[in-house]
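Notes to accompany the following structure.
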Amino acid sequence: MSDLFDDPTPGQNTPVFTVSELSGEVKRTLEGTFGRIRVRGEVGRIFKARSGHLYYDVKDDKSVLACTTWKGQVSKLAVVPEEGLEVIVTGRLTAFGAQSKYNMNVEEVAVAGQGALMALLEKRKKQLEAEGLFAPERKQALPYLPRFIGVVTSPSGAVIRDILHRLRDRFPRKVLVWPVAVQGKNCAAEVANAINGFNGFTPGGALPRPDLVIVARGGGSVEDLWGFNEEIVARAVAASQIPLISAVGHETDTTLIDYVSDQRAPTPTAAAELAVPVRLELLAWTGEQGARMTHAVGQSVQQRKQRLKDMSRAMPKPERLLDDPRQKLDILFDKLPNALIRGVQNRRVQLSQKSAGLRPQALQQLMARRHDKLISLSSQLNLRTTSQNLALHKERLEHLSKQLDGLHQQRIEKTRQQLDAAGRQLEILSYRATLDRGYAVVRDAGQLITSKATAAKASALEIEFSDGTIKLGGAED
């Protein structure tokens, strides 16, 4: 039985392959026959493995081609495949013998035609708009006069020269240029890194953080500007904490960055105009405002000065304000000597009345009465208790008597000192002290004469000096 299977059938010389040999031969045949090829189709399902490899299908209305892009090749793709996108893929056809399948190792992906590009752009636009990246409320206001301006563009093109020239004409500012590729497969990654890099600067650090960022590029075709339509760029602009102006292409060119940025400029030159004001216009405006302020201040001072004059005319004169107090002071000054004399006399009478109750005779009479009362009380007590209490009361009475005598003497001495002080004060305030300074008092029958008219009507005048009184026509007292 085994011989039957080992021997070839008579008349046939077809070689026998193992499965692995056949798979290897098929793989070599595919790779040798087709080599590097380009295939056009619509991207179907997409799967990105944890390893980073990308698996997807490219199909038409009849067939499906399995495609693979390895992890190291994904970062080099100018266009990342998206489901429904019509593309042209470039790579090599190979076979995977373990599953008896063939697929294409894709090295390059390009969008097939402008219509496909616009469809992809519209799809991305709707997605980002649904996430709120185009909302006006999330856009930041541009600084009025930034100190530092960051520019993301190609350092060798005319765009940077136009921006620097326009800034120099309007208001010179310090500019930091981050060089990037403005088209090609590296454009999107470099632009996104530049925007994130400016935002990563430390405020006040050695390399200053820009107050405003301008992303600029000249005009071009849809394919040339496609890097600014990539999702990575749009999300970097949306995440920027620094206000950003997009100036990509000409006025008719529109990219996704224009919708996400805080302000869109139709050209790079217009972006420079939006970034800074005109210095001469600003100087003229500040001068005009300064003149207006000076005029307003002068007019305000003049109005207040006139108002002060009007109010001052309605107020009384200072000398009239003192007339009534002066007159009241004169009346009180005339009454002061007599009032002092009466006050001293009243206090003398009060002192005499109070001191009369503190005379030694009155104290002795009080003590005698208290002694008699003590004797009458002691007669009612036990002899032994009475003698003890009598001794205690006697001792206490003697002590109180000494205290009373001391207080009496202190009270008399204090009253005498107050009386002497009042007398000295009376002498100081008495009009007689005024007479010692060369003044005189004129009376008519005891009435004080204070005016010439009253003196002219008097029947007889007496003049009191410090050393005596004389009468007109009479003798000295």
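The values are calculated or read from the model by the stated rules, or taken from the named source; none is laboratory data. Everything quoted here is computed from the prediction, not taken from an experiment. Cβ sites come from the backbone with ideal geometry, for glycine too, and all protein chains shown count toward neighbours.
Yes or no, residue by residue, for (1) of a type outside the set (Ser, Thr, Tyr); (2) part of a loop (DSSP other than H, G, I, E, B); (3) surrounded by fewer than 16 Cβ atoms within 10 Å (Cβ to Cβ):
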| site | (1), (2), (3) |
| --- | --- |
| Val89 | yes, no, no |
| Ala98 | yes, no, yes |
| Leu121 | yes, no, no |
| Pro146 | yes, yes, no |
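Given the residues Arg36, Arg28, Arg45, Arg50, which is the only one that is touching a residue at least 40 places away in the same chain (Cβ under 8 Å) and either exposed (fewer than 11 other Cβ atoms within 10 Å of the Cβ) or not hydrophobic (A, V, I, L, M, F, W, C) (or both)?
Values: Arg28 fails: touching a residue at least 40 places away in the same chain (Cβ under 8 Å); Arg45 fails: touching a residue at least 40 places away in the same chain (Cβ under 8 Å); Arg50 fails: touching a residue at least 40 places away in the same chain (Cβ under 8 Å).
So the residue among Arg36, Arg28, Arg45, Arg50 that is touching a residue at least 40 places away in the same chain (Cβ under 8 Å) and either exposed (fewer than 11 other Cβ atoms within 10 Å of the Cβ) or not hydrophobic (A, V, I, L, M, F, W, C) (or both) is Arg36.
Can you tell me which of (1) more than 17 Å from Leu167 (Cβ to Cβ); (2) assigned to a strand (DSSP E or B) is the one Glu223 doesn't meet?
(2)
In the range 139-169, what residues are of a type in the set (Lys, Arg), within 34 Å of the chain's Cα centre (by Cα) and farther than 30 Å from Gly184 by Cβ? If you could, list the steps in order and put the result at the bottom.
The initial filter retains those residues of the range 139-169 that are of a type in the set (Lys, Arg), namely 139, 147, 161, 166, 168.
With within 34 Å of the chain's Cα centre (by Cα) added as a condition, the list becomes 139, 147.
Hit for the range 139-169 is Arg147, nothing else.
List every residue pair whose Cβ atoms sit under 6 Å apart, with the two residues 6 or more apart in sequence or on different chains, where the first one lies in the range 230-259 and is in contact (Cβ under 8 Å) with a residue 12 or more places away in the chain and the second, anywhere, is assigned to a strand (DSSP E or B) and surrounded by fewer than 24 Cβ atoms within 10 Å (Cβ to Cβ).
Every condition considered, the pairs that remain are Ile245/Gln263; Ser246/Arg264; Asp258/Arg264.
Can you spot a residue in the range 378-391 that is surrounded by fewer than 14 Cβ atoms within 10 Å (Cβ to Cβ), modelled with pLDDT of 80 or more and of a type outside the set (Phe, Trp, Tyr)? Before you say what the answer is, go through the steps one by one.
Of all residues in the range 378-391, those surrounded by fewer than 14 Cβ atoms within 10 Å (Cβ to Cβ) come to 379-385, 387-388, 391.
So of that shortlist, the ones also modelled with pLDDT of 80 or more come out as none.
Checking the range 378-391: not a single residue is surrounded by fewer than 14 Cβ atoms within 10 Å (Cβ to Cβ), modelled with pLDDT of 80 or more and of a type outside the set (Phe, Trp, Tyr).
Between Val191, Val233, Val215, which is out of contact with any strand residue (DSSP E or B) (no Cβ under 8 Å at 6 or more places or on another chain) and surrounded by 14 or more Cβ atoms within 10 Å (Cβ to Cβ)? I'd like the intermediate steps shown before the answer.
Values: Val191 fails: out of contact with any strand residue (DSSP E or B) (no Cβ under 8 Å at 6 or more places or on another chain); Val215 fails: out of contact with any strand residue (DSSP E or B) (no Cβ under 8 Å at 6 or more places or on another chain).
So the residue among Val191, Val233, Val215 that is out of contact with any strand residue (DSSP E or B) (no Cβ under 8 Å at 6 or more places or on another chain) and surrounded by 14 or more Cβ atoms within 10 Å (Cβ to Cβ) is Val233.
Here are Val297, Val278, Val260: which of them is within 34 Å of the chain's Cα centre (by Cα) and under 28 Å from Arg235 (Cβ atoms)?
On the way: Val297 fails: under 28 Å from Arg235 (Cβ atoms); Val278 fails: under 28 Å from Arg235 (Cβ atoms).
Matching residue, one of Val297, Val278, Val260: Val260.
For residues in the range 404-446 being of a type in the set (Lys, Arg) and in a helix (DSSP H, G or I), which is farthest from Ser459 (Cα to Cα)? Quick ask: steps written out before the conclusion?
Step one: list which residues in the range 404-446 are of a type in the set (Lys, Arg), which gives 411, 414, 416, 424, 432, 437, 443.
Now narrow it down to the ones that are in a helix (DSSP H, G or I): 411, 414, 416, 424, 432.
Details: Arg411: 51, Lys414: 49, Arg416: 44, Arg424: 36, Arg432: 25 Å.
Per the criteria, the residue is Arg411.
Taking helices (runs of 4 or more DSSP H) that fall entirely within the range 243-337, which contain at least 3 residues that are modelled with pLDDT of 90 or more and loosely packed, with under 15 Cβ neighbours inside 10 Å?
Details: elements: 256-260, 268-275, 279-314, 318-321.
Correct list: 279-314.
Regarding the range 219-228, can at least one residue be identified that is surrounded by fewer than 18 Cβ atoms within 10 Å (Cβ to Cβ), touching a helix residue (DSSP H, G or I) at 6+ places or on another chain (Cβ under 6 Å) and free of Cβ contacts under 8 Å to residues at least 60 places away in the same chain?
No, the range 219-228 contains no residue that is surrounded by fewer than 18 Cβ atoms within 10 Å (Cβ to Cβ), touching a helix residue (DSSP H, G or I) at 6+ places or on another chain (Cβ under 6 Å) and free of Cβ contacts under 8 Å to residues at least 60 places away in the same chain.
Can Val79 be described as among the hydrophobic types (A, V, I, L, M, F, W, C), in a strand (DSSP E or B) and surrounded by 12 or more Cβ atoms within 10 Å (Cβ to Cβ)?
On the way: among the hydrophobic types (A, V, I, L, M, F, W, C): yes; in a strand (DSSP E or B): no; surrounded by 12 or more Cβ atoms within 10 Å (Cβ to Cβ): yes.
Criteria not met by Val79.
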